[in-house]
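**Student:** Questions regarding the structure given below will be posed in turn.
Every number in this text was worked out from the coordinates using simple rules, so none of it is lab data. Remember, predicted model here, so these are calculated numbers, not experimental data. Here Cβ is always computed from backbone atoms with ideal geometry, including for glycine, and neighbour counts include all displayed protein chains.
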Amino acid sequence: MLSVLLVFKRLVLKTTILIGNANCCLHLTCASCCEKTSNIQIHQDRLKSYYIQQPPSCSVTTVVFTTACGRRICSDTMRLWTQMSMAYLDGKSLKKESMFISA
């Protein structure tokens, strides 16, 4: 009987953890969600990629840039620098795609 109770407690604990993490998207953990945006602006050549973080995966809608050295910058979606940097990276990836298609 005692072992059944222990198994039940573990099951409840695991279920609680899973439900508590349900607001995290598959490629992110809760710890990696941006809670606020940053005013940091670096040269676009140092940016590697970006993705858009939004609810319900994370509580704040923001653009998350990854730098060439692996750091993350959480940027406001409405800022001009953010939009220009997204366009820059999109253009950079389009150039790579067209090189593979024409080769």
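**Student:** Tell me, what HN-Hα J-couplings in whole Hz come from the Karplus equation 6.51 cos²θ - 1.76 cosθ + 1.60 at θ = phi - 60° for each residue of segment 77-86, using x for Gly and Pro?
**Tutor:** Here the 3J(HN,Hα) series is 5, 8, 6, 4, 4, 4, 5, 5, 5, 4 Hz.
**Student:** Would you please put 80-86, 54-60 in order of how densely packed they are, using the mean number of other Cβ atoms within 10 angstrom per residue and starting with the highest? Don't skip to the end; give the middle numbers.
**Tutor:** Values: 80-86: 15.4, 54-60: 13.9.
The most tightly packed comes first, giving 80-86, 54-60.
**Student:** Under a 5 Å amide H to amide H cut-off, with H placed in plane at 1.01 Å, what residues pair with LYS48 once short-range neighbours are removed?
**Tutor:** Long-range HN contacts for LYS48: THR66, THR67, ALA68.
**Student:** How far apart, in nm, are two points set 7 Å out from the Cα along the Cα-to-Cβ line at THR77 and at SER32?
**Tutor:** Result for the modelled spin labels: 2.0 nm.
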